[in-house]
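Chemist: Got a structure for you, questions after.
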Amino acid sequence: MFEVKKVLGQLLMPLPLSLILLMGLLLFVAKTRKAPYIFCWLSLLSIWSLSTPYVAQKIIETDAQMLTAFDPRKHQSIDKIVVLGCDLYPNQSLPSNAQLGGCSLARLVEGVRLANLYPSAHLFVSGYGYGHATSAGLMAKTAQSLGIATSRIKQNPNPKDTADEAKMLAPMLIDYNVALVTSATHMQRAMDLFNAQGVETIPAPTEFYNFAQHPWSRQFIANHTALEVVTRVWHEQVGKVWIAIRRAIDPEAL
């Protein structure tokens with residue numbers, strides 16, 4: 001009974017319910033123009049498939065199969081810890097941690113964990129923002145509230161993307177042991193951009209996803225989290241293609 005309740009509950013969530021309603025409406029649409037009708041069905045079924053934990057897990061395994069969490073036993077010394085920016089939701093009535101999105105919090109927590117493991121390392125927090133707040137500023141305040149000394153925290157509030165972050169931070173990182181903290185799906189592209197600036201980084205990925213343990217009865221139900229993960233992987237692939245195009249035009253571009 002518990003599993004039936006969970007399955008029905010998931011089917012009634014906005015994403016699967018909307019797709020089911022659209023499929024239902026398609027059944028009443030005139031089928032005289034077969035090509036658009038078939039295309040609509042294929043589009044809805046594709047969205048449903050890409051939103052399932054089963055498909056999302058296959059994509060994750062293909063994209064980041066060699067990525068593992070940072071192991072401090074393999075790295076006796078870290079000089080710089082770089083936490084790349086992510087989502088934020090500025091609201092001056094809230095504490096800094098409540099203004100950071102889940103992606104930013106996941107990265108910052110990993111950065112703070114490493115800062116505690118390596119008490120002499122500097123913690124670099126990066127990322128721009130809007131509404132008089134930046135990702136770097138909010139992460140810095142949150143890190144301070146979690147016990148990291150202000151003197152250890154360095155802010156980089158101006159970059160608008162990962163390429164900017166690599167360019168602006170590179171002069172302060174070259175020839176140091178640098179741990180790079182970002183989401184697992186973002187790590188390969190981030191390391192490539194920092195390496196292009198002459199900075200060798202040690203990956204410290206966070207925000208891992210694993211849908212393999214989901215009950216089989218829910219593996220094929222559309223899920224907004226699964227779709228978000230697939231979207232992130234797609235975003236990274238588009239980013240890699242953009243980098244390749246920019247470098248083909250101008251090898252010094254990125």
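Chemist: Can you work out which of the residues in segment 183-237 that are under 19 Å from Pro14 (Cβ atoms), within 15 Å of the chain's Cα centre (by Cα) and among the polar types (S, T, N, Q) is least open to solvent (accessible area, probe 1.4 Å)?
Modeler: Restricting to residues being under 19 Å from Pro14 (Cβ atoms), within 15 Å of the chain's Cα centre (by Cα) and among the polar types (S, T, N, Q), the top hit is Thr225.
Chemist: With the requirement that a residue be open to solvent by 50 Å² or more (accessible area, probe 1.4 Å) and not in a loop (DSSP other than H, G, I, E, B), what does segment 75-97 give you?
Modeler: The answer is Asn97, and nothing else.
Chemist: Here's something else I'd like to know. Return the residue satisfying two criteria in turn: it lies in segment 46-74 and is assigned to a loop (DSSP other than H, G, I, E, B) and open to solvent by less than 50 Å² (accessible area, probe 1.4 Å), and of such residues it is farthest from Glu228 (Cα to Cα).
Modeler: Asp71
Chemist: Looking at Gly127, Gly147, Gly131, which one is surrounded by 24 or more Cβ atoms within 10 Å (Cβ to Cβ) and either at positive phi or among the hydroxyl-bearing types (Ser, Thr, Tyr) (or both)?
Modeler: Exactly one residue qualifies, and that residue is Gly127.
Chemist: Any residue at all in segment 222-239 that is farther than 18 Å from Thr62 by Cβ and among the small types (Gly, Ala, Ser)?
Modeler: Scanning segment 222-239, I find at least one residue that is farther than 18 Å from Thr62 by Cβ and among the small types (Gly, Ala, Ser), so the answer is yes.
Chemist: Still on this model: Taking the criterion of being touching a His at 6+ places or on another chain (Cβ under 7 Å), open to solvent by less than 70 Å² (accessible area, probe 1.4 Å), at pLDDT 80 or above and in a helix (DSSP H, G or I), would at least one residue in segment 12-33 satisfy it?
Modeler: Among the residues of segment 12-33, at least one is touching a His at 6+ places or on another chain (Cβ under 7 Å), open to solvent by less than 70 Å² (accessible area, probe 1.4 Å), at pLDDT 80 or above and in a helix (DSSP H, G or I), which makes the answer yes.
The values are calculated or read from the model by the stated rules, or taken from the named source; none is laboratory data. Values in this document were obtained by computation on a predicted structure and should not be read as measured data. Note that we place each Cβ from the backbone using ideal geometry, even for glycine, and neighbour counts take in every protein chain shown. Side chains included, ligands, DNA and RNA excluded: accessible areas come from the protein's heavy atoms. Shrake-Rupley method; radii C 1.70, N 1.55, O 1.52, S 1.80 Å.
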